[in-house]
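The values are calculated or read from the model by the stated rules, or taken from the named source; none is laboratory data. Source: prediction; values computed, not measured. As a convention, Cβ positions derive from the backbone with ideal geometry for all residues, glycine included, and neighbour counts pool all protein chains shown. SASA here: full protein model, heavy atoms, side chains in, ligands and nucleic acids out. Shrake-Rupley method; radii C 1.70, N 1.55, O 1.52, S 1.80 Å.
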Amino acid sequence: MFSSDVRLVPAAFKHINRIANRMREIDAEECRAMGHSPKQALRNGVMLSNKAWTALVDGQPEAMFGVVVENALTGDAVPWFLGTDEVYRHGRELLMWGPGMIDRLRDSRKTLRNLVSARNGQAIRLLRRWGFTVGKEEMLVRGVPFLRFEMTNV
């Protein structure tokens, strides 16, 4: 199913430095627009997420993703994914991870929703392939144009 050199493991604080220090520039820009350094964003992700995983490529942490419950009553949650250029070199695996990752993130959540930089073409294409709806209306956050994306569990 997945390439033998890419695997998912539970996210751990020990994975943060390598990913933060090598993070894709567009992902780092998204972090800064939200008021965090890449390292702070990853730490917050691990601490606040209901579930979080790290993608290891050849045994090295290259991406981290998870979901933060925004409102337990409504079932709204915020998915996030931050990574290095290396993880995007494994596009086929990312596409294959999609359904399983989304199922894990959704769990009993009604709606997954977040923002993605309007300049983050790779992430936007991936989100659409995974079944998210990506809006067309841009909103500026600290000068960076973002688009809303979401998936609703009917």
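Quick one: which of 112, 94, 127, 105 is touching a strand residue (DSSP E or B) at 6+ places or on another chain (Cβ under 6 Å) and at pLDDT below 70? Only one candidate qualifies: 105. Quickly run through segment 115-124 and pick out the residues that are open to solvent by 30 Å² or more (accessible area, probe 1.4 Å) and at pLDDT below 95. Once the filter is applied, which keeps residues that are open to solvent by 30 Å² or more (accessible area, probe 1.4 Å) and at pLDDT below 95, segment 115-124 yields only 122. Among the conditions (1) touching a Cys at 6+ places or on another chain (Cβ under 9 Å); (2) in contact (Cβ under 8 Å) with a residue 12 or more places away in the chain, residue 40 misses just one, which is (2).
When residue 58 is tested against (1) modelled with pLDDT under 95; (2) within 23 Å of residue 145 (Cα to Cα); (3) among the charged types (D, E, K, R), just one condition goes unmet, and that condition is (2).
Taking first residues from segment 126-140 that are touching a residue at least 24 places away in the same chain (Cβ under 8 Å) and on the phi > 0 side of the Ramachandran plot and partners that are open to solvent by less than 40 Å² (accessible area, probe 1.4 Å) and of a type outside the set (Ser, Thr, Tyr), the Cβ contacts under 8 Å between residues at least 6 apart in sequence or on separate chains come to 131/98; 131/102; 131/151.
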